[in-house]
1. Could you work out how far helix 237-250 tilts from the main Cα principal axis of the chain, as a 0 to 90 degree angle to the nearest 10?
2. If amide H atoms are built 1.01 Å from N in the plane of the peptide, which residues on other chains or at least 5 residues away come under 5 Å of the amide H of residue 69?
3. Compute a Gaussian network model of the chain, connecting alpha carbons closer than 10 Å, and tell me which residue from 102, 87, 247 fluctuates the most.
4. From largest accessible area down, sort 25, 68; use a 1.4 Å probe on the protein chains.
5. Counting DSSP beta bridges in the chain, what percent are antiparallel, to the nearest 5?
6. From the protein chains alone at 1.4 Å, what is the descending order of accessible area for 160, 284, largest first?
7. Just check region 160-289 against the gyration tensor rule for me: Cα atoms, a ≥ b ≥ c as the square roots of the eigenvalues, rounded for a/c under 1.5, and otherwise prolate or oblate depending on whether a/b exceeds b/c.
8. Taking the chain as the reference, fit the longest principal axis to its C-alpha atoms, fit the long axis of helix 173-186 to the helix C-alpha atoms, and give the angle between the two in degrees, 0 to 90, nearest 10.
Amino acid sequence: MKTILKKIGITLGILLVLPFSFFFVGRAPIPAKITWGVNFSKEHAEGFGLDWRAAYAGLFEDLKVKHVKILAAWKNLEPKADSFFFDDLDFQLSETEKNKADAIVVIGMKTGRWPECHLPEWAKSMDKTVQQEQILKLLSTTVERYKNSKALLAWQVENEAMFVFGDCPWYDEAFFKREIALVKQLDPVHPVVITDSGEGSLWWKAAQLGDIVGTTLYRKLWFEPLNRYVTYPIPAIFYGRKAWLVDILFGKKVINGELQAEPWGQTLLYFLSREEQVKTMTPEQFRSVIDYAERTGLDTFYLWGAEWWYDLKMKGESEMWNAAKVLLELTDK
């Protein structure tokens, strides 16, 4: 009996060790060419009190950005019911095209940056079913307007739609599938990016639904449950192995759509003191994150933090801006 129990114990131990070893042990080859881009949110730039158009233009004029992910908030695209306002997104895509760059455009209810879901005031009190019909109208109008844009690289439908995070009225996978199907029907040319949590998912659902899988990657942040700053104890190979599985099982490419290049503190960044900001992001920490990202084996990254770099630059602190500039100048060379 003891021998049988011992064998069972050994077997269970092996079964536990093998998955751990697969995801946590090893080293991915660094790609020969890595593409670096940036995220941009008009609302986030305005939160710093910035001239957001100048900040956006600066990405191309000074940083020489060639790839951008634009967070197009519903509340800005449709400030009044059935009354669309596209001037701001027109500017962003025009500026992108003028500088021979390309853009992933994020559309839907949940497009990123707190509170994550950006409903216009007029839609907040609506019944869920009515809200959903309004969202489909938003997608249809936006896709039809921009599907022939020379700057458009891909659509991203929602942001981490299946990851429960943010101030959102509901999560509905069946409706999310309707959104994706509608965008694909209206624009069969451009791929659809579907994103999911970098640490909390295997990305398989995203791979089933999208043409490209997008993920997040954060290193050091304020962790509310522990009431302290933590660095995720995850090796770079963790992301590479999950991307390998997505490629093998679904034949889909994984990109990093949100790479930490700004602080994550106890409050919104534009309210966070410099003393707290430097606890999770400095030029040295930035270079450490970039080194870590390269070791994941992924070959495409969109940095999260351009609005903050610009704000610091306007205040006379150009170190983060310049650190990003050195990196971004390597793209497409």
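The values are calculated or read from the model by the stated rules, or taken from the named source; none is laboratory data. In this text, all values refer to a predicted model and were calculated from it rather than measured experimentally. Cβ atoms come from the backbone with ideal geometry, glycine included; neighbour counts cover every protein chain shown. The area values use the complete protein model at the heavy-atom level, side chains included, leaving out ligands, DNA and RNA. Shrake-Rupley method; radii C 1.70, N 1.55, O 1.52, S 1.80 Å.
1. So the helix axis and the longest Cα principal axis differ by about 80 degrees.
2. 38, 39, 40, 104
3. Looking only at 102, 87, 247, the largest GNM fluctuation is found for 87.
4. Highest to lowest solvent-accessible surface, that is 25, 68.
5. 15 percent
6. 284, 160
7. The shape class here is prolate.
8. So the helix axis and the longest Cα principal axis differ by about 50 degrees.
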